[in-house]
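What follows is a single structure, written as structure tokens, with notes after it.
The values are calculated or read from the model by the stated rules, or taken from the named source; none is laboratory data. Remember, predicted model here, so these are calculated numbers, not experimental data. Cβ coordinates were reconstructed from backbone atoms using ideal geometry, including for glycine residues, and neighbour counts include every protein chain displayed.
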Amino acid sequence: MKRKMNRGGWIRLIEAFMAILLLTSVLVIVVEYKQSNNVEIPSIIYQTQNFVLRTIELNETMRQEIISTEIPIMSWDQSFPQDIKLFIETNIPSDIECVSQICSISDSCELSEQGEIESNIYVQSVFISSTLTIYNPRQLKLFCWNK
């Protein structure tokens, strides 16, 4: 005597397994997407800061402006070198806000008078020590955050 298998039960079991597998896949994709976005933002900001600071560091005209500027000075001050300010503004993406400061090597160069910023602040600096004729060490610090 042959036993007749209940195919309806097996089909429901396979359907339940596929539903669990699909739900798990969606959850894994969502979690991975959120984690990758959190890593990308600092990476983009640091890459942008690095590009801007290295370009300024290698440009003789901008180096001269930094070395000849009275310090400490923030980018919102009127006497901040306008070429450097314009270069920074044009090379920073629109969704990132940045403030720069020129100060002495021995100073901590802290961000002040900016108000309350509700996101993480990413900071990089470059050391500008001299031009071909002048030795007057300074540091240019770039403070950036998401808007």
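Within region 128-144, being of a type outside the set (Lys, Arg), assigned to a strand (DSSP E or B) and in contact (Cβ under 8 Å) with a residue 40 or more places away in the chain holds for Ile128, Ser130, Asn136, Leu140, Leu142, Phe143, Cys144.
Determine whether region 34-42 contains at least one residue that is hydrophobic (A, V, I, L, M, F, W, C), loosely packed, with under 11 Cβ neighbours inside 10 Å and free of Cβ contacts under 8 Å to residues at least 40 places away in the same chain. Spell out the reasoning first.
Filtering region 34-42 for residues hydrophobic (A, V, I, L, M, F, W, C) gives 39, 41.
With the extra rule that they be loosely packed, with under 11 Cβ neighbours inside 10 Å, the set shrinks to 39.
With the extra rule that they be free of Cβ contacts under 8 Å to residues at least 40 places away in the same chain, the set shrinks to 39.
Scanning region 34-42, I find at least one residue that is hydrophobic (A, V, I, L, M, F, W, C), loosely packed, with under 11 Cβ neighbours inside 10 Å and free of Cβ contacts under 8 Å to residues at least 40 places away in the same chain, so the answer is yes.
In region 90-104, the residues that are farther than 15 Å from Thr55 by Cβ and surrounded by 14 or more Cβ atoms within 10 Å (Cβ to Cβ) form Cβ pairs under 8 Å with partners that are of a type in the set (D, E, K, R) and at pLDDT below 90, at six or more places apart or across chains, as follows: Ile96/Lys147; Glu97/Lys147. Here the condition is being at pLDDT below 85, assigned to a helix (DSSP H, G or I) and over 16 Å from Asn146 (Cβ atoms); of Ile29, Ile56, Ile20, it holds for Ile29 alone. All of (1) within 21 Å of the chain's Cα centre (by Cα); (2) assigned to a loop (DSSP other than H, G, I, E, B); (3) closer than 23 Å to Phe127 by Cβ hold for Phe87 with one exception: (2). Failed condition for Ser68, given (1) in contact with a Lys or Arg (Cβ under 9 Å, 6 or more places away or on another chain); (2) of a type in the set (S, T, N, Q); (3) farther than 17 Å from Gln47 by Cβ, with all others met? If we test Ser68 against (1) in contact with a Lys or Arg (Cβ under 9 Å, 6 or more places away or on another chain); (2) of a type in the set (S, T, N, Q); (3) farther than 17 Å from Gln47 by Cβ, just (1) comes out false.
Taking the stated definitions as given, is Glu70 crowded, with 16+ Cβ neighbours inside 10 Å and charged (D, E, K, R)? If you could, list the steps in order and put the result at the bottom.
Numbers: crowded, with 16+ Cβ neighbours inside 10 Å: no; charged (D, E, K, R): yes.
In short, no.
Are any residues in region 90-112 closer than 23 Å to Thr133 by Cα and not in a loop (DSSP other than H, G, I, E, B), and if so, which ones? Within region 90-112, Ile102, Cys103 qualify. With more than 20 Å from Phe51 (Cβ to Cβ) and either at pLDDT 90 or above or not polar (S, T, N, Q) (or both) as the only criterion, which of Trp145, Trp76 stands out? Trp76 is the lone residue from the list that is more than 20 Å from Phe51 (Cβ to Cβ) and either at pLDDT 90 or above or not polar (S, T, N, Q) (or both). Kindly evaluate Ile128 against the criterion of being crowded, with 16+ Cβ neighbours inside 10 Å, out of contact with any Phe, Trp or Tyr (no Cβ under 9 Å at 6 or more places or on another chain), more than 18 Å from Gln47 (Cα to Cα) and among the hydrophobic types (A, V, I, L, M, F, W, C). Yes; evaluated as a whole, the condition is true for this residue.
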